[in-house]
Every structure is written in C-alpha cells, then in structure tokens.
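K.L.:
Quick one: structure below, then a few questions.
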Amino acid sequence: MIRTRLVWLGLGFSVTGAAISQFIWRDLWVDRYALLSDVKKLDALQERVSELESLSYSKSNPGQAEG
C-alpha cells in the first residue's frame, strides 16, 4: 500500500515537473525568437540610418578638399 502510494506520488511529481518544464521551455523559446526578430529589425534600421547619414554628409560637404 505504501509502495503504491510512493509510486503514484513519484509519478505525479515527474509528470508535473515535465509539464512545468515544457511550459518554461516554450516560453523561453518564444522570447528568444521574438528577440532575434527584433534584432533583425534593428539591424535593418541601423543600415538605413547609416545610409542616410552618409548621404547627408556627402551633400553637406561637396566642395571640401581631402587631405
């Protein structure tokens, strides 16, 4: 009787732990995917800003000699 209860208790804890782990894993995976997506958007934005800055700089200094 006690062994059966211990087995069921162990099984219950195992299943509960697995379910909690699955939820945590899924939540972390979603956060990681969202972060990577945001980083890609920021990289594209940084590229556009750099391009605009270089265009603005070349237009503001057209006659300046180098050296």
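Readers should treat all values here as calculations from the given coordinates under stated rules, not as data from a laboratory. These numbers come from a predicted model, not from an experiment. As a convention, Cβ positions derive from the backbone with ideal geometry for all residues, glycine included, and neighbour counts pool all protein chains shown.
K.L.:
Choose one of Gln22, Thr4, Ser37: the residue whose Cα lies farthest towards the positive end of the charge dipole of segment 1-40 (beta-carbon charges +1 Lys, Arg; -1 Asp, Glu; about the Cα centre).
P.N.:
Of the candidates, Thr4 comes out farthest on the positive side.
K.L.:
Quick check: residue separation of Arg5 and Leu36 times 0.36 nm, minus the Cα distance between them. What number comes out in nm?
P.N.:
Working: separation 31, 0.36 × 31 = 11.16 nm, distance 4.62 nm.
Stretched out fully, the Arg5 to Leu36 stretch lengthens by 6.5 nm.
K.L.:
Within 10 Å of each candidate Cβ there may be at most 11 other Cβ atoms; applying that plus a DSSP loop requirement, which GluC sites (Glu not before Pro) in segment 1-61 survive? Working shown, then result.
P.N.:
Working: sites: Glu47, Glu51, Glu53; in loops: none.
Those that pass, being in a loop and sparsely packed, number zero.
K.L.:
In whole Hz and in residue order, list the ³J(HN,Hα) couplings for segment 28-37 that follow from phi through the Karplus curve 6.51 cos²θ - 1.76 cosθ + 1.60, θ = phi - 60°; x for Gly and Pro.
P.N.:
Once θ is set to phi - 60°, the couplings for segment 28-37 become 5, 5, 5, 4, 5, 5, 5, 5, 5, 5 Hz.
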